[in-house]
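Structure record follows, encoded as structure tokens.
The values are calculated or read from the model by the stated rules, or taken from the named source; none is laboratory data. Everything numeric in this text was worked out from a predicted model, so none of it was measured. Quick reminder, even Gly has a Cβ in these numbers, built from the backbone with ideal geometry, and neighbours come from all protein chains shown. Each accessible area value is taken on the protein alone, full model and side chains, heavy atoms only, with ligands, DNA and RNA left out. Shrake-Rupley method; radii C 1.70, N 1.55, O 1.52, S 1.80 Å.
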Amino acid sequence: MQISSFTDVIRFTERFTNLEKQTTHYTTRTYRLDRMHCLLEHLGNPERSFKKIHLAGSKGKGSTASYLASALTAIGYKTGLYLSPHLVDYRERFTLSGTFFEEALLVSTGQELVDSIKGFSFRDEWGETNPTTFELFTAYAYLLFKNSGCSWAVIETGLGGRLDATNTIIPEASVLCPIELEHTKILGSTIREIASEKSKIIKQRVPVFIGLEEGEALEVFLAEAKTQQSTPYLLKDYLSSLTSSTTGDGEHVHYRWMNGEEEHLCLSMRGLVQAQNSALAMLVLKTLGLFDKSMLPAIEANQIPGRFQQLSKSPCIYIDGAHTTRSLQALLSSFSSLHPTKENTVIFGALEDKDHTHMLSLLLDHFQRIIISKPGTFKKSDIKQLHELLLQLADERNEHYEILLIEDNLEALKEALSLTAKEGAILTCGSFYLAGGIKSAYEQVRSSYESQLA
């Protein structure tokens, strides 16, 4: 196949089995590491050409990864960043610290991948199989980082950890972000089971950094660290205090460390969770001997799409990928501090296998106007069932709610704009796929009604 554009790269990789679209069948026949090891060896092990930091967790790993990458870039290291999923553009997955690679390199590296795997397949006791889409994306990222001369790469797991395609690297550090119930059909139905899957990114004698975790998840992480003879660094043991306030300017954060050091930053990405994510990133950098005050402006300016991202003013429009109960709770707390009224509008959609009841209850606590819309078609969702559940939960309260079901994201945004006063706000949350859909819809609305959204 001839690769003439980045679109051709995506077309090629999408020809293969795409496990990201599945919500069941987490088996060693489909999710596996031996096939990925074989693929990387076939490609000459491009992942060995740069140093790596590897992250897993239920929430915050993408933001934490981006803080790490922007900080490393600020002190002179060429740093690759591998994230998933993307919000609107596939190029968001493999970047130079959040900056897209030039098209020429995307194309030439895509051609290298296509040419290199001609005739490649993997054979075991189940027969012959080809790489999956995510395995190819991961290999493509490593080739991009190698070809562009990266000295560091920050790599986020796609799903879980134990059988994730990224879990074929030996990093300089492993980072574990907070755990919640998610992907329960795949990773397990308890916190302990999910934490066990994610803990498997801990490598022999490689330091592991653990965010503000507690209970069973922390027990699992520490037990795995002990098994791997990996030194654990718990954020709570190094951070004396962390205070944060959400403002129109950003997230004002004061960090006080146990050794007496302090920092005060105004993060571009708002929310208490970003204060925690940035603190975890700084602990990694401080411990690895990479921290320098000159990187602080880059940490402040760091942004990635879909993290309490403001698209517009008058009315204010925000998108966020919060898709777990705790992440949604944190988002709504920050949002309410900026817009303390129930007269705002929320557009919500969630995939299957999420804690719908608790998330919808949180929405009812903060909004009187709720629009349910479809979180894309990439993964399964049932918004009619979600809408019915929301109506049922609303009926149990002695309050008036305006609840709408509008499947199309563009129509949902238009309706939200028509119902929300200019001094109000519109929040989209529940899924990165919905956030991406609303962002694309906003671009269409903005081009048609620029003056209305000025």
Inset, instruction - Determine the per residue accessible area of segment 215-334 with all protein chains present and a 1.4 angstrom probe, expressed in square angstrom. - result: 40
Inset, instruction - Heads up, I need the accessible area for Lys59: 1.4 angstrom probe, whole protein in place, Å², nearest 10. - result: 40
Legend entry - Neighbourhood charge, 11 Å Cβ-Cβ cut-off, centred on Ala173 and excluding it, Lys, Arg +1 and Asp, Glu -1: +2
Inset, instruction - Tally the DSSP beta bridges in the chain and give the antiparallel ones as a percent, rounded to 5. - result: 40
Inset, instruction - Calculate how steeply helix 61-74 sits against the longest principal axis of the alpha-carbon atoms of the chain, using the helix alpha-carbon long axis, and give the answer as 0 to 90 degrees to the nearest 10. - result: 70
Legend entry - Order by protection proxy (mean Cβ within 10 Å, highest first), peptides 365-371, 424-430: 424-430, 365-371
Inset, instruction - Send over a whole-number figure in Å² for the accessible area per residue of segment 93-151, probe 1.4 Å. - result: 39
Legend entry - Solvent-accessible area per residue for segment 343-384 (1.4 angstrom probe, square angstrom): 35
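What part of the accessible area of the chain, given as a whole %, is carbon or sulfur when the probe is 1.4 angstrom?
48
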Legend entry - Under the Karplus curve 6.51 cos²θ - 1.76 cosθ + 1.60, θ = phi - 60°, whole-Hz ³J(HN,Hα) for segment 276-283, x wherever Gly or Pro sits: 5, 5, 5, 5, 5, 4, 5, 4
Legend entry - Nitroxide proxy distance, nm - points 7 Å out along Cα→Cβ at Ser447 and Lys342: 3.9
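Taking only C-alpha pairs under 8 Å that are 6+ residues apart, what is the relative contact order of the chain in percent?
Once normalised by length, the contact order is 16 percent.
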Inset, instruction - Highest first, please rank the peptides 346-357, 252-263 by the mean number of other Cβ atoms sitting within 10 Å of their residues. - result: 346-357, 252-263
Inset, instruction - Just need the relative contact order of segment 233-275 here, percent rounded to a whole number, with Cα pairs under 8 Å and 6+ apart. - result: 36
Legend entry - Total formal charge among the other residues, if their Cβ is under 12 angstrom from that of Asp365, Lys/Arg +1 and Asp/Glu -1: +1
Legend entry - In Hz, Karplus ³J(HN,Hα) per residue of segment 309-324 (6.51, -1.76, 1.60; θ = phi - 60°; x = Gly, Pro): 7, 8, 9, 7, 10, 6, x, 5, 10, 10, 10, 8, x, 3, 9, 10
Legend entry - Residues whose placed amide H lies under 5 Å from that of Tyr233, excluding near-sequence neighbours: Val208, Phe209, Ile210
Inset, instruction - Starting from the amide H of Leu239, placed 1.01 Å from N in the peptide plane, find each other amide H under 5 Å away whose residue is 5 or more places distant or on another chain. - result: Met258
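Which net charge results for the neighbourhood of His252, defined as the other residues with beta-carbon distances under 12 angstrom from its beta-carbon, given Lys and Arg at +1 and Asp and Glu at -1?
Its environment carries a net charge of -3.
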Inset, instruction - Could you pull out the GluC sites (Glu not before Pro) across segment 111-174 that fall in loop regions by DSSP (anything but H, G, I, E, B) with no more than 16 other Cβ atoms inside 10 Å? - result: Glu125, Glu172
